[in-house]
1. What does a probe at L131 reach in the stretch 87-115, counting residues whose amide N is under 13 Å from the point 7 Å along Cα→Cβ?
2. Order of W39, W73 from fewest to most other C-beta atoms within 10 Å?
3. Kindly list the residues of the stretch 83-124 that lie in the label zone of Q58, defined by a backbone N under 19 Å from the point 7 Å along the Cα-to-C-beta vector.
4. For labels at S107 and S143 in the simple 7 Å Cα→Cβ model, what's the distance in nm?
5. Taking the DSSP beta bridges in the stretch 34-168 as the whole, what percent of them are antiparallel, to the nearest 5?
Amino acid sequence: MSFKKAAMMKQKYFALSMLMSAAFALSAPAAANTFDFNWQWTGSQLNAITTENGNIIQDVNVGTNYTGSYGLWAGQVDTSFSGAFNFYDASNNLLFTYAPFGTAGSSSFGVPLLNSVDGALTPLNGGATLLATTSVQDLLTFSANGGNDTYNLQFQDLAGTNATVPEPASIALLGLGLAGLVISRRKAKHA
């Protein structure tokens, strides 16, 4: 076989393999995503933190109470759902009520979360009784986008914790210090 024929055969095989790869890529199902929707009470404000496959995609301060709805990041709710949760402290005081709900075919879900900071609460009828803790509590899961996406609704009460978050300036100073050490070490090696 001549060199020219061999080169043409290689080109044909390469083109065929590219076409087959494209066909497999087009026929592959959409990648599944997991969204964790976490309510965090810090003692003075309510944060709604959403992660997609472990990466934060939204961090919103919504004040002290929230009774609205959130849009889905993809698709529509597959099956209608609802939940009712009553969170108590160790002394049996009702601190929060949470009643998430969604309607099949909707592109949003309701997330009414009330707390006792703005006044007395009434327990939700038939609601699950839970202890408000600093640990993430998975409450309810629903699917969307034809089962491709999973939404986990979560809650944690961070009030009273002493967790300190490093300030950006402190992190920047640490980074500069490390960079200085690296540079001085390189200079010492070359000297």
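Read-outs: derived from the displayed coordinates by stated rules, not from any lab. All values derive from a computational prediction rather than experimental measurement. Backbone-built Cβ (ideal geometry, glycine too); neighbour counts: all protein chains shown.
1. Inside the label zone: 88-93.
2. Values: W39 23, W73 17.
If I rank by nearby Cβ atoms, fewest first, I get W73, W39.
3. Answer for the stretch 83-124: 83, 98-114.
4. Using points 7 Å along Cα→Cβ, the separation is 2.2 nm.
5. Values: 35 of 47 bridges.
Taking every DSSP beta bridge with both residues in the stretch 34-168, the antiparallel ones total about 75 percent.
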